[in-house]
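Some notes on the structure that comes next.
The values are calculated or read from the model by the stated rules, or taken from the named source; none is laboratory data. Everything quoted here is computed from the prediction, not taken from an experiment. Heads up, the Cβs are rebuilt from the backbone with ideal geometry, glycines too, and the neighbour counts pull from every protein chain shown. For the accessible areas, the whole protein counts, side chains as well, though only heavy atoms, and no ligand, DNA or RNA atoms are used. Shrake-Rupley method; radii C 1.70, N 1.55, O 1.52, S 1.80 Å.
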Amino acid sequence: MTCSDQEDELLSTLPELPSVPSGLNRRGFLMRHAAIGAAAVMTGTTWTPEARAQQAATEAAAQQAKNEAMKDASGLKMSNTLSPDLDAVRKSKGPVMTVADEFYKVGPGPSSSHTIGPMRITYDFYQRCTKLPADQLAQATGLKVHLFGSLSATGKGHGTERASLAGLVGKEPATVDPRFLDEMIAKPDRTYPVRLGGKSFNLSLADVVYDAPKGEFPHPNTMTCKLMAGDKVLYEQEYYSVGGGFIEWKGYEPPKKGQPKYPYATMKELRQHAERNNLSIADVMMANEVAVSGKSEEQINAFLDKIAGAMLATVKTGLSYKDDVLPGPIKLHSKAATVWERAQDNKYESDRAIAMVAACALAASEENARGHLVITAPTGGSAGVMPAIVYALTESQRRVTPEKIREGLLAGLAVGYLCKHNATLAAAEGGCQAEIGVASGMAAAMIAQVMDSSPQVIENAAESALEHHLGMTCDPVAGYVQVPCIERCAFGAVKAWTAFMVATNEIASRHRVDLDTTIKTLADTARDMNPKYKETSEAGLAQNLTLC
């Protein structure tokens, strides 16, 4: 008997696929049909083919009706269009003007756009209220926050209501004690006193309202803050958490800054400045930081040292937890410490190195999931990637100097700035490619710069790392930044190192795809991506993983 005859005989014994009833989603019907069959085998239950098909059709129809009802109830869907009035949209028409202390932020996890951003917003609103006329403040009876879009859809899992309340009572992301936020979980009915002018009143989590998750909003992360006099609104401001902890508001105008010494809006322009002036990417970035921010090199270096130290601290703290259970309904056990400890026993050094980089990323990302302080690089959800690389470069046999780490952080900023400038850092706009993908590209650039690679190799490394995250969706299970987010940080860090190894060993001039093309593809993919896959927890793993 020939191989072909054997295949024909084998295939002839396979059962035919059931016909899909009219009007039902084919994938949904077949998945349920297969699940019923698998359950029957495990339980010893007998199902006739007809009964099995009928049950699958019933379940598929019920789910389809439920989905349609949810769609009809909202009457709306999440918009894929950003308001052209947003500065995040307008600024892409000029040179990059972002500076380091705007980009690298210290704040509580688990999300830069859903935790750090809202806390910055409500703190800003409270400060505005303190400046209102005394006669207006005399009428005040309370403050209200309304969350819309992705902030409403997944805010509970991100702790958005706690972050929003913390800002209203005067807490800032960089200095808030995470235990203050934890206490809100343990005592959700507790009230917190607020004083405005001569008036004092209490606020609670009930003053943060989860409003419409779907609709036409200027940005997917839209929120409004209101000063109230009973049911009357005394003062109101609309805000947008645009990703990476950056915030805007209706009528926002960016602060006045100096002009960059080496203006660029693309990687091509940035690399040309470096090559024509015989400078490294880090040199160009430092010159621009000084020119735009007005700070000295010493001040910028001190800030970068602070960020590097904070990154190392998140890894070390994360590794100190032994198999604890992370907050939320997933009941996910941490595993960074376990992976780190077991990696020490790996026979081969290369295996051990990969496992240890992964463990460091898991450690920092688990800290983010706990709601502890992390660093946006570029976001909270991706806060495990860059710290893992900093740890690997400084706490290994390499013992890279602080000066080289500063240079690496500057090169990472170049990639992060360009992605923010020409695409997005927000998963609510572009899926996880905008978070883990950008973080991996930043980390690859950092490694390449630390290793004194040429500007071309730095670009190639960043491009490869970002390219191989294109299309990645954001589908946090139960709305918590845990599954698949934590492990994605580990893969993002390892991919960054892989991207550097490929870039440094290939013939650099033959690298076919440039970083600008990949960033444009990131932006195009973000616009085309189904809104359900943009931090809504309505699709992907969030829909299909059953929590017991």
Checklist entry - Using beta carbons and a limit of 9 Å, which pairs, at least six apart or on different chains, have the first residue in the stretch 396-407 and among the charged types (D, E, K, R) and the second one open to solvent by 100 Å² or more (accessible area, probe 1.4 Å) and outside any helix (DSSP H, G or I)? => result 404/452; 407/452
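Going through 95, 110 one at a time, which residue ends up being part of a loop (DSSP other than H, G, I, E, B) and either charged (D, E, K, R) or closer than 23 Å to residue 174 by Cβ (or both)? Even if it seems obvious, please write down each step before you answer.
On the way: 95 fails: either charged (D, E, K, R) or closer than 23 Å to residue 174 by Cβ (or both).
Of the residues listed, the single one that is part of a loop (DSSP other than H, G, I, E, B) and either charged (D, E, K, R) or closer than 23 Å to residue 174 by Cβ (or both) is 110.
So which of 492, 437 ends up being at pLDDT 95 or above, of a type outside the set (D, E, K, R) and over 21 Å from residue 221 (Cα atoms)?
Numbers: 437 fails: over 21 Å from residue 221 (Cα atoms).
Of the residues listed, the single one that is at pLDDT 95 or above, of a type outside the set (D, E, K, R) and over 21 Å from residue 221 (Cα atoms) is 492.
Checking the structure you have, find out if any residue of the stretch 412-430 is basic (Lys, Arg) and either surrounded by 24 or more Cβ atoms within 10 Å (Cβ to Cβ) or under 21 Å from the mean Cα position of the chain (by Cα) (or both). Talk me through it step by step, then tell me what you get.
In the first step, residues of the stretch 412-430 are kept if they are basic (Lys, Arg); the result is 420.
If we keep only those that are either surrounded by 24 or more Cβ atoms within 10 Å (Cβ to Cβ) or under 21 Å from the mean Cα position of the chain (by Cα) (or both) too, we end up with 420.
Yes; the residues of the stretch 412-430 include at least one that is basic (Lys, Arg) and either surrounded by 24 or more Cβ atoms within 10 Å (Cβ to Cβ) or under 21 Å from the mean Cα position of the chain (by Cα) (or both).
Restricting to the stretch 259-277, name every residue that is within 11 Å of residue 288 (Cβ to Cβ) and either hydrophobic (A, V, I, L, M, F, W, C) or in contact with a Ser or Thr (Cβ under 6 Å, 6 or more places away or on another chain) (or both). Working first, answer last.
The first filter runs over the stretch 259-277 and keeps only residues within 11 Å of residue 288 (Cβ to Cβ), leaving 259-264, 270, 273.
Residue satisfying the conditions is 270 alone.
Test of understanding: among 242, 209, which residue is open to solvent by 20 Å² or more (accessible area, probe 1.4 Å) and β-branched (Val, Ile, Thr)? Walk me through it before giving the result.
Details: 242 fails: open to solvent by 20 Å² or more (accessible area, probe 1.4 Å).
Just a single option satisfies the conditions, and that option is 209.
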Checklist outcome for this item: Counted residues in the stretch 308-320 being surrounded by fewer than 18 Cβ atoms within 10 Å (Cβ to Cβ) and either at pLDDT below 95 or under 13 Å from residue 359 (Cβ atoms) (or both) come to 2
Checklist entry - What is the number of the single condition among (1) assigned to a helix (DSSP H, G or I); (2) of a type in the set (D, E, K, R); (3) buried (at least 17 other Cβ atoms within 10 Å of the Cβ); (4) within 27 Å of the chain's Cα centre (by Cα) that residue 271 does not meet? => result (4)
Checklist entry - Is there any pair with a first residue in the stretch 150-170 that is in a loop (DSSP other than H, G, I, E, B) and open to solvent by less than 10 Å² (accessible area, probe 1.4 Å) and a second that is at pLDDT 95 or above and among the polar types (S, T, N, Q) whose Cβ atoms are under 6 Å apart and which are 6 or more apart or on different chains, and what are they? => result 159/115
Checklist entry - Quick one: how many residues across the stretch 182-230 are more than 22 Å from residue 158 (Cβ to Cβ), part of a loop (DSSP other than H, G, I, E, B) and at pLDDT below 95? => result 3
Checklist entry - Between a first residue in the stretch 124-144 that is exposed (fewer than 13 other Cβ atoms within 10 Å of the Cβ) and a second residue that is of a type outside the set (Phe, Trp, Tyr), which pairs have beta carbons less than 6 Å apart while being 6 or more apart in sequence or on different chains? => result 134/197
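Just one of 147, 137, 168, 143 is under 22 Å from residue 532 (Cβ atoms) and modelled with pLDDT of 95 or more; which is it? Before you say what the answer is, go through the steps one by one.
Values: 137 fails: under 22 Å from residue 532 (Cβ atoms); 168 fails: under 22 Å from residue 532 (Cβ atoms); 143 fails: under 22 Å from residue 532 (Cβ atoms).
From the options 147, 137, 168, 143, the qualifying one is 147.
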Checklist entry - Do we have any residue at all in the stretch 251-258 that's surrounded by 17 or more Cβ atoms within 10 Å (Cβ to Cβ), among the charged types (D, E, K, R) and in contact (Cβ under 8 Å) with a residue 40 or more places away in the chain? => result no
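Looking for whichever is charged (D, E, K, R), under 18 Å from the mean Cα position of the chain (by Cα) and under 28 Å from residue 153 (Cβ atoms) here; the options are 467, 535. Which one fits? Steps first, please.
Values: 467 fails: under 28 Å from residue 153 (Cβ atoms).
When all the criteria are applied, what remains is 535.
Results for (1) under 24 Å from residue 363 (Cβ atoms); (2) open to solvent by 30 Å² or more (accessible area, probe 1.4 Å), shown as yes or no for each residue.
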| residue | (1), (2) |
| --- | --- |
| 434 | yes, no |
| 463 | no, no |
| 500 | yes, no |
| 504 | no, yes |
